[in-house]
Amino acid sequence: MQDQPSAAELVEAVAEFIRNHAMPQLQGHTAFHARVAANALDIVKRELEIAPAANASEEARLKTLLGRDGTLEELNRDLCARIENGTIGLETPGLTDHLWATTLTKLAIDQPNYSGYKRAVEES
Amino acid sequence: MGAETNPLAGPLDSVARARFPEATGIANLKRLSGGASQETWSFDVSTAEGSIPLILRRAPGGSRDARATAVPLETEARLIDLASHADVPVPIVRHVLAPDDGLGHGFIMDRIDGETIARKILRDEEFASARPKLARQCGEILARLHRVDMASLPPLRTSPARSEIKQYLETYKTHGHPHPVFEMAFRWLHDNAPPEATAHTLVHGDFRNGNLMIGPDGVRAVLDWELAHIGDPMEDLGWICVNSWRFGNIDQPVGGFGSREDMFAGYEAAGGTRVDPARVKYWEVLGTLKWGVMCTIMVTAFKSGTDRSVERATIGRRSSETEVDLLRLLAPRG
């Protein structure tokens with residue numbers, strides 16, 4: 001077990017430093033890239049907080065859906081192969097629920113302000 | 001970099017004097033941002049009566065674009081010319097570069113005053129009176145564009161839905177990371193592809209915010225013809241509806257500024273074929289998937305070391321935006 005502050009808290013502190021202290025001193029392209037860098041750290045922070053539990057749920061859903069064991073990547077590759085060859089499709093019970101849950105988690109980490117994500121959350 | 005020290009300045013000055021008899025020189029030469037695959041330069045030809053605002057569009061370093069899908073700049077110039085004669089708003093092409101010009105491949109066209117940045121077009125007061133008209137105008141423009149005489153066209157690739165799918169499936173597979181939502185979209189597109197017999201026309205291929213020069217009066221010019229090809233005309237109507245081009249205005253499906261109904265009405269009123277909304281939706285799905293695959297390709301450039309910028313890296317984390325859009329299109333809830 002690591003000491004405090006947590007990885008997410010450290011990343012958050014660096015993002016705050018970039019936004020509040022570094023960016024005001026920068027101009028043009030460098031300022032733009034600094035903002036992109038701070039946004040990237042926000043993604044890391046959200047992933048550190050959300051991914052552990054979400055990945056475990058995704059793995060459990062995939063094992064049920066595919067009826068087999070494996071790592072998260074192996075299971076995802078198998079799901080891709082079965083969708084491609086038509087043995088699993090939109091009509092397969094549990095597939096759309098699984099894809100929705102997985103995708104909403106990705107967006108919650110990557111781009112929680114995206115219009116399509118916000119609308120999907122309202123609709124769910 | 002000032003015009004004095006820019007290596008393009010000398011050759012461009014000579015071209016200007018040769019093409020514009022009244023020219024006394026060039027001024028304000030500067031590279032415009034945007035346009036990763038082509039260089040775009042802004043400059044003025046000076047005359048005793050005033051200055052002529054122009055654009056130089058040129059292959060990077062003057063050489064040809066290596067991407068298989070982009071048309072040569074000479075073809076782009078020819079298409080803009082043909083579009084102009086079909087009453088599509090475009091800048092007038094003033095000169096296609098010749099080897100003697102010493103500027104490589106490219107062409108010079110009028111610089112049209114206006115705005116291409118979507119967030120300004122969709123939010124600024126200046127465009128408030130234009131916005132309600134844009135969707136219908138886009139439909140009218142596309143109808144004229146799709147009626148360009150096929151016999152007059154320069155050599156172009158023919159790319160119906162099936163070959164677009166094949167191309168992007170190969171790109172996606174090369175990337176290698178598993179995307180179950182993309183797989184489902186590829187499957188749906190394969191199973192629902194328009195019949196082979198679908199009538200083909202000239203297709204712009206990148207008709208969306210960013211490539212439309214807009215003023216308070218509406219669409220002033222259709223730019224960036226490098227992805228033009230022969231294909232299903234519904235492709236252009238579907239592409240501009242992709243949510244990524246709505247820039248947050250999710251309830252205005254056409255470019256974030258208008259309704260499909262307005263665009264379709266303009267299209268049919270201006271002589272376009274009867275719109276097939278299901279096929280437009282098909283191309284919206286394909287377009288959403290295309291943009292998603294393109295986002296994942298950014299990761300390849302980042303990981304290989306070609307481009308280590310944080311900007312490039314984070315675009316990879318935007319492919320999930322297209323996944324939620326694909327699910328809303330193909331497996332809607334509620």
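Take the conditions more than 8 Å from every other protein chain (Cβ to nearest Cβ), within 24 Å of B:Thr322 (Cα to Cα) and modelled with pLDDT of 95 or more and apply them to A:Pro24. Does it pass?
On the way: more than 8 Å from every other protein chain (Cβ to nearest Cβ): yes; within 24 Å of B:Thr322 (Cα to Cα): no; modelled with pLDDT of 95 or more: yes.
In short, no.
What's the total number of residues in the stretch A:55-75 that are more than 13 Å from chain B (Cβ to nearest Cβ) and either at negative phi or assigned to a helix (DSSP H, G or I) (or both)?
Here is the first cut: in the stretch A:55-75, the residues more than 13 Å from chain B (Cβ to nearest Cβ) are A:55-57, A:59-60, A:63-64, A:67-69.
Retained after the next criterion (residues that are either at negative phi or assigned to a helix (DSSP H, G or I) (or both)): A:55-57, A:59-60, A:63-64, A:68-69.
Summing the residues that are more than 13 Å from chain B (Cβ to nearest Cβ) and either at negative phi or assigned to a helix (DSSP H, G or I) (or both) in the stretch A:55-75 gives 9.
Within the stretch A:89-124, count every residue that is of a type in the set (Asp, Glu) and within 15 Å of the chain's Cα centre (by Cα). Please lay out each step first, then the result.
Within the stretch A:89-124, the first condition is being of a type in the set (Asp, Glu), and the residues that meet it are A:91, A:97, A:110, A:122-123.
Those left that are additionally within 15 Å of the chain's Cα centre (by Cα): A:110.
Of the residues in the stretch A:89-124, 1 are of a type in the set (Asp, Glu) and within 15 Å of the chain's Cα centre (by Cα).
Please specify each residue of the stretch B:233-258 satisfying the condition of being surrounded by fewer than 24 Cβ atoms within 10 Å (Cβ to Cβ) and among the acidic types (Asp, Glu).
B:Asp251
Residues in the stretch B:125-142: is at least one of a type in the set (Gly, Ala, Ser), buried (at least 19 other Cβ atoms within 10 Å of the Cβ), touching a Phe, Trp or Tyr at 6+ places or on another chain (Cβ under 7 Å) and within 30 Å of B:Leu8 (Cβ to Cβ)? Full working, then the answer.
Looking only at the stretch B:125-142, we keep the residues that are of a type in the set (Gly, Ala, Ser), and these are B:128-130, B:135, B:139.
Restricting the remaining residues to those that are buried (at least 19 other Cβ atoms within 10 Å of the Cβ) gives B:130, B:135, B:139.
With touching a Phe, Trp or Tyr at 6+ places or on another chain (Cβ under 7 Å) added as a condition, the list becomes B:135, B:139.
Still in the list and also within 30 Å of B:Leu8 (Cβ to Cβ): none.
There is no residue in the stretch B:125-142 that is of a type in the set (Gly, Ala, Ser), buried (at least 19 other Cβ atoms within 10 Å of the Cβ), touching a Phe, Trp or Tyr at 6+ places or on another chain (Cβ under 7 Å) and within 30 Å of B:Leu8 (Cβ to Cβ).
Just a yes or no: is a residue in the stretch B:304-324 in a helix (DSSP H, G or I), touching a residue at least 24 places away in the same chain (Cβ under 8 Å) and away from every other protein chain (no Cβ under 12 Å)? Write out each step before concluding.
Pass one, the stretch B:304-324, residues in a helix (DSSP H, G or I): B:304, B:310-324.
Next, from what is left, pick out any that are touching a residue at least 24 places away in the same chain (Cβ under 8 Å): B:319, B:321-323.
Those left that are additionally away from every other protein chain (no Cβ under 12 Å): none.
There is no residue in the stretch B:304-324 that is in a helix (DSSP H, G or I), touching a residue at least 24 places away in the same chain (Cβ under 8 Å) and away from every other protein chain (no Cβ under 12 Å).
Go over the candidates B:Val310, B:Val299, B:Val280 one by one and state the one that is at pLDDT 95 or above and β-branched (Val, Ile, Thr).
On the way: B:Val310 fails: at pLDDT 95 or above; B:Val299 fails: at pLDDT 95 or above.
The match here is B:Val280.
Name the residues in the stretch B:213-239 that are of a type in the set (A, V, I, L, M), in contact with a Pro (Cβ under 9 Å, 6 or more places away or on another chain) and within 24 Å of B:Glu39 (Cα to Cα), would you?
Across the stretch B:213-239, the qualifying residues are B:Met213, B:Val219, B:Ala221, B:Val222, B:Leu223.
Residue check, B:Gly271 against (1) part of a loop (DSSP other than H, G, I, E, B); (2) within 14 Å of chain A (Cβ to nearest Cβ), all met but one. Which one?
(2)
Look at B:Thr273 and say whether it is closer than 30 Å to B:Asp87 by Cα and of a type in the set (Ser, Thr, Tyr).
Values: closer than 30 Å to B:Asp87 by Cα: yes; of a type in the set (Ser, Thr, Tyr): yes.
So B:Thr273 passes the test.
For the stretch B:185-200, does any single residue satisfy the condition of being assigned to a loop (DSSP other than H, G, I, E, B), away from chain A (no Cβ under 14 Å) and within 17 Å of B:Ala70 (Cα to Cα)? Explain how you work it out, then say what you get.
Of all residues in the stretch B:185-200, those assigned to a loop (DSSP other than H, G, I, E, B) come to B:192-200.
Checking which are away from chain A (no Cβ under 14 Å) leaves us with B:193-200.
Then drop every residue that is not within 17 Å of B:Ala70 (Cα to Cα), which leaves none.
No, because not a single residue in the stretch B:185-200 is assigned to a loop (DSSP other than H, G, I, E, B), away from chain A (no Cβ under 14 Å) and within 17 Å of B:Ala70 (Cα to Cα).
Is it the case that B:Met298 is out of contact with any helix residue (DSSP H, G or I) (no Cβ under 7 Å at 6 or more places or on another chain), hydrophobic (A, V, I, L, M, F, W, C) and more than 10 Å from chain A (Cβ to nearest Cβ)? Write out each step before concluding.
Working: out of contact with any helix residue (DSSP H, G or I) (no Cβ under 7 Å at 6 or more places or on another chain): no; hydrophobic (A, V, I, L, M, F, W, C): yes; more than 10 Å from chain A (Cβ to nearest Cβ): yes.
When the stated conditions are applied, B:Met298 does not pass them.
Here is a list: A:Thr96, A:Thr87, A:Thr105. Which entry is more than 30 Å from B:Glu311 (Cα to Cα) and more than 8 Å from chain B (Cβ to nearest Cβ)?
On the way: A:Thr96 fails: more than 8 Å from chain B (Cβ to nearest Cβ); A:Thr105 fails: more than 30 Å from B:Glu311 (Cα to Cα).
Within the list A:Thr96, A:Thr87, A:Thr105, the selection yields A:Thr87.
The values are calculated or read from the model by the stated rules, or taken from the named source; none is laboratory data. Just so it is clear, the model here is predicted, and its values are computed rather than measured. Positions of Cβ are backbone-derived with ideal geometry, glycine not excepted, and every protein chain shown enters the neighbour counts.
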